[in-house]
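Visitor: One structure, as structure tokens, below. Some questions next.
The values are calculated or read from the model by the stated rules, or taken from the named source; none is laboratory data. A quick note: this is a predicted structure, and the numbers were derived from the prediction, not measured. Note: ideal-geometry Cβ built from the backbone for every residue, glycine included; neighbour counts use all protein chains shown. The accessibility values were calculated without ligands, DNA or RNA, using every heavy atom of the protein model including side chains. Shrake-Rupley method; radii C 1.70, N 1.55, O 1.52, S 1.80 Å.
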Amino acid sequence: RKQAEDLIGFMVGDLRDKLEGVGRLELLDAVGDRALAYFASLPVERLSEADLVRQIEAIVQVGEVRRAQGHLPAALETFARAEALGRALVVRNPASEPAQRALATATEWMGQALFEQGRAPEALATWRRNLAIAEEQLRQRPASELWLQAVGNSRHNIGTVLERQGDLLGALESYQQTLAIQRQLQAARPDDEELEAFLAGTLAFVSSALERQGDLAGALEQRHAHLEIQERLALRRPEVAERRQDWAVAQGFLAGLLVPLGNAAGARALYE
């Protein structure tokens with residue numbers, strides 16, 4: 001069983017990354033179906049906690065593959081299966097942090113699949129469950145950066161749903177809560193470039209929400225901060241094409257706000 005699960009983990013993990021890079025994820029269709037059938041054949045009550053955590057992680061990976069292919073209903077079904085296993089594992093051992101992490105991961109992806117299908121109320125309810133898990137774990141482990149970041153991610157996700165539903169004040173509040181958490185994490189990990197990139201992304205969401213509310217000055221301030229981070233990340237690793245692309249997008253994002261503010265020359269310079 002261990003060999004089988006290691007092989008499944010490789011195929012829907014490392015191999016998936018390579019196939020996605022060349023646009024051939026369809027080669028994993030049969031792998032995902034067989035993996036799910038294999039896991040369904042195992043007696044859950046006889047599996048250890050570590051076995052179930054690995055199984056949930058693998059099922060989530062199968063769901064990620066299906067989502068990447070655009071098969072959202074199948075992805076949602078897969079994530080829901082992983083969440084059900086996570087809930088069962090937490091009932092068995094509610095004090096287990098690995099069990100709570102597995103459940104939180106499955107729940108977060110389930111919310112994403114719902115959101116991408118346009119099922120905003122269900123996505124909101126799912127991500128609020130995810131936030132409750134993260135907040136409770138952070139309450140028990142207040143020094144945990146992992147759970148602090150999970151709270152920030154959940155609040156950001158909730159903000160995206162609220163914004164789609166037209167609740168701009170609620171969305172902005174959620175984004176700003178995420179921003180505060182990311183700045184707290186950044187103070188502890190100043191060299192974490194991935195965290196810095198996430199922070200830049202949140203600044204963009206805050207800026208857009210402010211713009212939609214008519215606070216153009218506030219939106220402009222956040223957009224300048226967003227561009228500053230993207231420029232710094234791009235210059236730090238000029239060989240990474242995605243970094244340069246993010247920098248270019250940030251320039252266009254700022255330019256788009258300068259035009260209604262009457263600064264056409266500044267906008268043109270950025271676009272050029």
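Visitor: Kindly express, to the nearest 10 degrees and within the range 0 to 90, the angle between helix 29-40's C-alpha long axis and the longest C-alpha principal axis of the chain.
Guide: 50 degrees
Visitor: Roughly how big is region 1-91's charge dipole about its Cα centre, with Cβ charges of +1 (Lys, Arg) and -1 (Asp, Glu), in debye to the nearest 20?
Guide: 80 debye
Visitor: Highest mean first, how do 74-80, 181-187 rank when packing is the count of other Cβ atoms within 10 Å averaged over residues?
Guide: By packing density, highest mean first, the sequence is 74-80, 181-187.
Visitor: Also: Against the longest alpha carbon principal axis of the chain, how many degrees, from 0 to 90 and to the nearest 10, is the axis of helix 72-92 turned?
Guide: 60 degrees
Visitor: Quantify, in whole percent, the carbon and sulfur part of the accessible surface of the chain (1.4 Å probe; protein heavy atoms only).
Guide: Details: 7380 of 13730 Å².
It is 54 percent, rounded to a whole number.
Visitor: In what sequence, largest accessible area first, do Arg54, Arg139 appear using a 1.4 Å probe? Kindly include the intermediate steps, with their values, before the conclusion.
Guide: Values: Arg54 80, Arg139 160 Å².
So the residues, ranked largest to smallest area, are Arg139, Arg54.
Visitor: Could you work out how far helix 145-164 tilts from the main Cα principal axis of the chain, as a 0 to 90 degree angle to the nearest 10?
Guide: 70 degrees
Visitor: Where in region 1-40 are there trypsin sites (Lys or Arg not before Pro) that are in a DSSP coil and have at most 14 other Cβ atoms within 10 angstrom of their Cβ?
Guide: Arg1, Arg24
Visitor: Now for a different question. Using only Cα atoms, locate the centre of region 129-192 and the centre of region 13-77, then give the distance between them in Å, rounded to an integer.
Guide: For region 129-192 versus region 13-77, the Cα centre distance is 27 Å.
Visitor: What ratio of Cα Rg to 2.2 N^0.38 Å holds for region 126-236?
Guide: That ratio works out to 1.09.
Visitor: Nothing charged except the Cβ atoms of Lys and Arg (+1) and of Asp and Glu (-1): what's the magnitude of the dipole of the chain about its Cα centre? Round to the nearest 20 debye.
Guide: With only Lys, Arg, Asp and Glu charged at Cβ, the dipole is about 340 debye.
Visitor: For the chain, what is the mean residue ellipticity at 222 nm derived from helices alone (per DSSP H run of n ≥ 4: -39500 (n - 2.57); sum divided by total residues; nearest 500 deg cm²/dmol)?
Guide: Numbers: 13 runs with 221 residues, N = 272.
Only helices count here, giving -27000 deg cm²/dmol.
Visitor: Please give the per residue accessible area of the chain, computed with a probe of 1.4 Å over protein heavy atoms only, in Å².
Guide: 50 Å²
Visitor: In the set (i) 20.7, 69; (ii) 26.5, 89; (iii) 18.8, 73, which value of Rg and Dmax of the Cα atoms in Å was calculated from the structure you see?
Guide: Structure-derived value, by its label: (i).
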